[in-house]
Amino acid sequence: MTNQTKKAAFYTLGCKLNFAETSTISRFFKSRGINIVRFNEIADFYLINTCTVTSNADKKSRNAISRAIKLNPDAIIIVTGCYAQLKPEKINEITGVDYVFGANNKYEIEKIIDSVEKKQYPDLLRTDHKEMKTFFPALSKGDRTRAFLKVQDGCNNFCAYCTIPYARGRSRNQSIKDTVAQAKSVANEGIKEIIISGVNIGDFGKSTNENFFELINELVKIDGIERFRIGSIEPDLLSNEIIEFIAAEKKIMPHFHIPLQSGCDEMLKLIKRNYDTALFRSKITKIKSLIPHAFIGIDLIVGVNGETEDYFNQTVEFVKSLDISFIHHFQYSERENTRAINFKPKPAPQQKQERAKIISEISDLKHKEFLSSQIGKDFNVLFESTKKNNKMFGFTENYIKAEIDYNKSLINTIRKVKTTGFSDKDTVTVELV
């Protein structure tokens, strides 16, 4: 069978970084003349890029592997990602897996495409987290409208609840020069927006004696890219210098995603975060003073071991007091080899669910208030190609999902609009101005 008749399918779990890396790996297969098909189709190769941020992510990873094996028991099954890095022995227990690549070994998949064969036992290629020094550049170019550009990998923080430093190693990046070259390749394809992505992007420059502020200063000089969005950035790394630059620079969107994790200082100290609530509040205040219409999303973990009822109530009162737009929250899941696994008390599953519900209700209210405050205002929307019920969609500068009657000529264009009302609780209707 020639490569031209072979097919490959991909399944990605977890963060945007994983999606960018899967997109890059898929291009390895395309360069060999292999056709890319959907994951529910019969293929000769199945690649599953896994996640292990929670026990549920572990389960989803195993289920995806099993689905691929059932679809075609004769296919080459390749498993990579954070679950493959941290729990390869669990993957080895699944009969039918051929190759397991650790999180930092994804770039080596390209080398085995032409020589792969079914294995009785999986081949394992995995680098210890202490030895992860290679940076794997990655770029996702999904809908020809926006691209996710990986600028950084790994983390040095070792927060008490988190396995990322063990799964992805220490913070590292390629140079600003190489990153800008990648971004220019995106511009050459007519893509209008880049989302700057990484595990801890504010830490950019650790391995090249550069910094994140220098990076964004160079990125905005690229012709052709009209919008940059900054992915999640830690509050202690979101300097006033960066905030002021975003406020003054039209190419960087007024859209922030800032991890909080807890609104209780005692809890923040326990889980080894590098800031307190006073610093966090100062960042929100600074952003809103310079960019009143900015979208600010935050991250929260509920039910972490050690979180008492009083600590949680402090978090509730703190987030209620913040001028934010959205809360991305999830329930804590114990991870092996982390300090938090031994913290007491350990909230019961029902307590975690109740706390998650409270935070979800606060988030819904905050999001509704933010969207309502933006109705009747002018924005610029980058329209996407998706069509549903004769409607098309896009996002404003400050990350409001906008809906308008479908018009093919609007695809991948940035047009001035006025927000007119609500289509649903998360989407506003707009008209061209």
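Rule-based calculations on the coordinates, nothing more; no lab input. Everything quoted here is computed from the prediction, not taken from an experiment. Cβ placement follows ideal geometry from the backbone for every residue including glycine, while neighbour counts extend to all protein chains displayed.
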According to a simple spin-label model (label point 7 Å from Cα along Cα-to-Cβ), what is the distance in nm between Val180 and Leu432?
3.6
For each of Lys221, Lys283, count neighbouring Cβ atoms within 10 Å of the residue's Cβ, then give the residues from fewest to most.
Lys221, Lys283
Nearest 0.05, what FRET efficiency do Glu93 and Asp223 give at R0 = 41 Å with Cβ-Cβ as r?
0.20
The chain, helix-only ellipticity at 222 nm - DSSP H runs n ≥ 4, -39,500 (n - 2.57), divided by all residues, nearest 500:
-9500 deg cm²/dmol
For Asn240 and Asp323 in one chain, what is 0.36 nm times their gap in residues minus the Cα-Cα distance, to one decimal in nm?
28.1 nm
Quarter of the Cα convex hull surface for the range 139-373, i.e. its orientation-mean projected area (nm²):
12.8
For the range 3-127, max minus min Cα coordinate along each principal axis, in Å, sorted largest first?
38, 29, 27
Taking Cα pairs under 8 Å and at least six residues apart, what relative contact order does the range 378-432 come out at, in percent?
36
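Need the full-extension length gain, Tyr121 to Asp299, defined as separation in residues times 0.36 nm minus the C-alpha distance. One decimal, nm.
60.1 nm
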Taking the Cα centre of the chain as the origin and placing charges on Cβ (Lys, Arg +1; Asp, Glu -1), which of His293, Asn173, Thr427 is farthest toward the positive end of the dipole?
Thr427
Return the percentage of antiparallel bridges among DSSP beta bridges fully within the chain, rounded to the nearest 5 %.
35
In percent, how large is the relative contact order of the chain, given Cα pairs closer than 8 Å and 6 or more residues apart?
10
Which Cys in the chain stand alone, with every other cysteine's Cβ at 4.7 Å or more from theirs?
Cys15, Cys51, Cys82, Cys155, Cys264
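For the pairs Lys16/Lys118; Lys87/Lys150; Lys30/Lys87, flag any whose C-alpha to C-alpha distance is greater than 27 Å.
Lys16/Lys118; Lys30/Lys87
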Starting from the Cα of Lys368, draw a straight line to each of the lysines and keep only those under 21 Å, dropping any in the same chain fewer than 8 residues away.
Lys288, Lys320, Lys357, Lys377, Lys401, Lys418, Lys425
Rg over Rh of the range 256-371, using C-alpha atoms and the Kirkwood radius, what does it come to?
0.97
Karplus ³J(HN,Hα) for the range 282-291 (6.51 cos²θ - 1.76 cosθ + 1.60, θ = phi - 60°; Hz, whole; x = Gly/Pro) runs 4, 5, 4, 4, 4, 4, 5, 5, 9, 9
At 20 °C and a viscosity of 1.002 mPa s, what translational diffusion coefficient does Stokes-Einstein give for the chain, taking Rh as the Kirkwood radius over Cα pairs? Give it in µm²/s as a whole number.
93
Amide H neighbours of Ile194 under 5 Å, counting only residues 5+ apart in sequence or on other chains, H built in-plane at 1.01 Å?
Ala147, Arg227, Phe228, Arg229
Starting from the 7 Å offset along Cα-to-Cβ, what nm value, one decimal, do you get for the label separation of Asp114 and Asp74?
2.4
Would the range 378-432 count as rounded, prolate or oblate if I go by the C-alpha gyration tensor, calling it rounded below 1.5 in a/c and otherwise prolate when a/b exceeds b/c, oblate otherwise?
oblate
Which of the peptides 170-177, 383-390 is most tightly packed, and how do the rest follow, judged by the mean count of other Cβ atoms within 10 Å per residue?
170-177, 383-390
Can you pull the semi-axes for the range 315-401, root of five times each eigenvalue of the Cα gyration tensor, sorted largest first, whole Å?
35, 18, 12
Where the only charges are on Cβ atoms (+1 Lys, Arg; -1 Asp, Glu), what is the dipole of the range 92-150 about its Cα centre, to the nearest 20 debye?
400
With the chain treated as a Gaussian network of Cα nodes joined by springs under 10 Å, which of Glu214, Glu193, Glu307 yields the largest mean-square fluctuation?
Glu214
